[in-house]
Amino acid sequence: MRVLVIGSGAREHALVLALSRDPQLTALACAPGNAGISGHAEIYGVDAGDPAAVAALAKDWDADLVVIGPEQPLVAGAADAVRAAGIPCFGPSREAARIEGSKAFAKDVMTAAGVPTAASEVIDNPARLDSALRRFGPTWVVKDDGLAAGKGVVVTADLASARAHAMTLLEGGHPVLLESFLDGPEVSLFCVTDGETVVPLLPAQDFKRVGDGDHGPNTGGMGAYAPLPWAPSGLVEDIVARCVQPVVDELARRGTPFTGLLYAGLALTSTGPQVIEFNCRFGDPETQSVLALLRTPLAGLFLAAANGALGDFPALEWESGYAVTVVVAAEGYPGRPRTGDVITGAEADGVLHAGTRRREDGAVVSSGGRVLSVVGTGKSLNKARDRAYKLISGIHLTGSHHRSDIAQKAAEGAITVP
Ligand code: AMP
Ligand code: GLY
């Protein structure tokens, strides 16, 4: 099987590595890829945001399956273009990808499907903002109603900050979504679906804030671990039954079935799991942890989903133990990251590349905010953490920063579900 992966982050590096372990695989390509991915896949240039260009590359390269990593190409209709070219694609149609592309659409689907989620209001007129803010909080959740790579959300106990963020969004022409605040530990559950059958992967938790102790602004994600030692038994089945399957069924009922990876981000509240958001693709950096533990060949799983054959797919197999991912970010991230610095020590097993590129002289240099994802596995969370942080100590990138507390609370048994 010839598989083409679209994307260039550490998530795609993890996908490429997991796919390369599938004995069915005969060739693997990634576009546009990065310096780390080039060691495991043929690299092609492509404008991933241009559906016709993605489909043309898939046809030229004679792909048997296309796997689309990021949300932007999916929301732009890349999966539709690939399927229209007669090639199976793991990734939802443009219509189904709206579950991530529009938070208002996601709320509408969840309401129709009876899925528990935060109460919300969309504001597109500054004149209505103050009265709306009075109906929410204290602890305001202010979101951009569109794709914002995890950075369009402000969660704050300070009304003035909430108002300022909402005004910035409105002045930029973006409708604002206000939400009630969901308290409780967060879970990311990735589900492979063919539009009908739902196959959950291991549950994971990610760390959105830039600094230790969950301080500082939200980022695309600074680390993650899987599975969750503190998860109540039956949690995954409960989330699938209450939150994921109903959304998959509702999208099918609307004639826009979701094929690909449906990512449920939830808070475990005192009244049970409540959905914070759905995403139309694998999460980054949780994927780096989850796929490090997957034993089932991935290309076969994706092809079954793309072909509507998940109902007959055997149960997934996993390594025992845990995986911890720590993101190494460039100086300045999540603001304006510094780029172009030489990185050393990034060739070790377990070091996945995100914002890297190979310079003409062969050196690997930083080219984005999140530069590397460092993955450690082990029989216990502590062993997996130790392995990840040991790997990080061998990496040098001037000015880089990472969190030192990824999975620490979970390892200490300090997470409780209300
Ligand atoms: P989102 O882009 O919707 O995933 O939000 C980013 C992060 O903001 C989430 O991972 C949560 O940590 C936080 N967040 C978003 N919505 C809520 C909410 N309603 N209640 C509490 N925290 C939230
Ligand atoms: N880990 C968060 C995201 O991928 O959106």
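The values are calculated or read from the model by the stated rules, or taken from the named source; none is laboratory data. Quick caveat: nothing in here was measured; it's all calculated off a predicted structure. Glycine also receives a Cβ, built like all others from the backbone with ideal geometry; neighbour counts cover every protein chain displayed.
Table for the structure above
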read-out	value
Hey, Glu42 buried (at least 17 other Cβ atoms within 10 Å of the Cβ) and of a type in the set (D, E, K, R) or not	no
Members of segment 270-310 found to be among the charged types (D, E, K, R) and either touching a residue at least 60 places away in the same chain (Cβ under 8 Å) or near ligand 2 (Cβ under 10 Å from one of its atoms) (or both), listed by number	Glu277, Arg281, Asp284, Glu286
Test: Asp158 is more than 9 Å from ligand 1 (Cβ to nearest atom), of a type in the set (Asp, Glu), surrounded by 18 or more Cβ atoms within 10 Å (Cβ to Cβ) and modelled with pLDDT of 95 or more	no
Members of segment 358-388 that are part of a strand (DSSP E or B) and either of a type outside the set (Gly, Ala, Ser) or surrounded by fewer than 24 Cβ atoms within 10 Å (Cβ to Cβ) (or both)	Arg358, Val364, Val365, Arg370, Val371, Leu372, Val374, Val375, Thr377, Gly378
Output for segment 280-320, where each listed residue is in a loop (DSSP other than H, G, I, E, B), within 16 Å of ligand 1 (Cβ to nearest atom) and either in contact with a Phe, Trp or Tyr (Cβ under 6 Å, 6 or more places away or on another chain) or within 27 Å of Ile87 (Cβ to Cβ) (or both)	Cys280, Arg281, Phe282, Gly283, Asp284
Qualifying residue in segment 107-124 (condition: at pLDDT below 95, away from ligand 1 (no atom under 15 Å from the Cβ) and part of a loop (DSSP other than H, G, I, E, B))	yes
Odd one out for Val187, checked against (1) within 29 Å of Leu310 (Cβ to Cβ); (2) surrounded by fewer than 20 Cβ atoms within 10 Å (Cβ to Cβ)	(2)
Enumeration of residues in segment 255-267 that are surrounded by fewer than 24 Cβ atoms within 10 Å (Cβ to Cβ), away from ligand 2 (no atom under 12 Å from the Cβ) and touching a residue at least 12 places away in the same chain (Cβ under 8 Å)	Thr256, Pro257, Ala267
Qualifying residue in segment 224-242 (condition: closer than 15 Å to Val109 by Cα and touching a strand residue (DSSP E or B) at 6+ places or on another chain (Cβ under 8 Å))	yes
Verdict on Ser102 being under 23 Å from the mean Cα position of the chain (by Cα), over 30 Å from Thr269 (Cα atoms) and of a type in the set (Ser, Thr, Tyr)	no
Members of segment 178-227 that are modelled with pLDDT of 95 or more, among the hydroxyl-bearing types (Ser, Thr, Tyr) and within 16 Å of ligand 2 (Cβ to nearest atom)	Ser188, Tyr225
Gly152 without any contact (Cβ under 8 Å) to a residue 60 or more places away in the chain and surrounded by fewer than 17 Cβ atoms within 10 Å (Cβ to Cβ)	no
Segment 321-356: number of residues that are in a loop (DSSP other than H, G, I, E, B) and surrounded by 13 or more Cβ atoms within 10 Å (Cβ to Cβ)	17
All positions within segment 206-227 that are surrounded by 15 or more Cβ atoms within 10 Å (Cβ to Cβ), within 13 Å of ligand 1 (Cβ to nearest atom) and farther than 16 Å from Val187 by Cα	Val210, Asn218, Thr219
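Here's the yes/no breakdown for (1) in a helix (DSSP H, G or I); (2) farther than 30 Å from Leu4 by Cβ; (3) not aliphatic (A, V, I, L, M):
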{"residue": "Val82", "(1), (2), (3)": "yes, no, no"}
{"residue": "Ala96", "(1), (2), (3)": "yes, no, no"}
{"residue": "Ile99", "(1), (2), (3)": "yes, no, no"}
{"residue": "Leu133", "(1), (2), (3)": "yes, yes, no"}
{"residue": "Pro138", "(1), (2), (3)": "no, yes, yes"}
